[in-house]
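The values are calculated or read from the model by the stated rules, or taken from the named source; none is laboratory data. Bear in mind the structure is a predicted one, so any value in this text is a computation, not a measurement. Note that we place each Cβ from the backbone using ideal geometry, even for glycine, and neighbour counts take in every protein chain shown.
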Amino acid sequence: MQGHRVVMTTPGGPEVLRYEACDVPAPGPHEVLLRQAAIGLNYIDIQHRTGRYPLPSYPSPIGLEGAAVVEAMGAEVREVRVGDRVAYSSAPIGAYADLRVMPADRLIPLPPAISEQVAAAVVTKGLTAHYLLFTTYAVKPGNTILVHAAAGGVGVLLGQWARHLGATVIGTVSTEEKAAVARAHGYHHVIVHAARISSRKFTGSPAARVSPSSTTPSARTPSRARCVVLRRAASS
């Protein structure tokens, strides 16, 4: 079957991206053929394109998130059926395409209330928010949560979800406009960086123990949205 995709010829700027026709193979026994309806654009795609996260070989497909309709499936597939609407956020790389083959066990069935466009925009961010609130640290009522980049894609989900779980949610942002976005998405308190307000204004604690941070900043993994738990430090 003939399809179209975007590939990157080599690491570099946007000019290394190329739109091309391609042959799309038939799905294997545990795979499905997807007709893509929407594609997620994420910061990791930029990291792949620039070479900060090198790919095994070039030219290479690009993109890890999308929503689609199942067009055909392998003989051993049981998870989905032809015609199902699904989303994904995982390898193999190659979401920038109109048709593609994916392992069936990587797919998330979409309920009627969620469009392909919404799913392609939030699956990665929603999974990130979920592991921060339930795996990195199991948030409980009474916790106080500090979220950096509170008006970003992950940040607006964290604010609403953490508040629903009973936490007090503090967010940091860089502008007053972003502060308004954060307040509209569940944050009890918002700190604008330029104001240099300490979180102790809201926690009432002379010191705070931070446990844990969702990501450890490093030269290879910039921290763009972090969730930490502030608790009153033990008395000495």
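Quick notes
- Evaluation of Gly155 against the conditions (1) without any contact (Cβ under 8 Å) to a residue 60 or more places away in the chain; (2) part of a helix (DSSP H, G or I) shows that the sole unmet condition is (1).
- Where Glu116 falls short, out of the listed (1) among the acidic types (Asp, Glu); (2) within 25 Å of Leu157 (Cα to Cα); (3) surrounded by fewer than 14 Cβ atoms within 10 Å (Cβ to Cβ): (3)
- Here Arg209 does not qualify as assigned to a helix (DSSP H, G or I) and either modelled with pLDDT of 90 or more or exposed (fewer than 13 other Cβ atoms within 10 Å of the Cβ) (or both).
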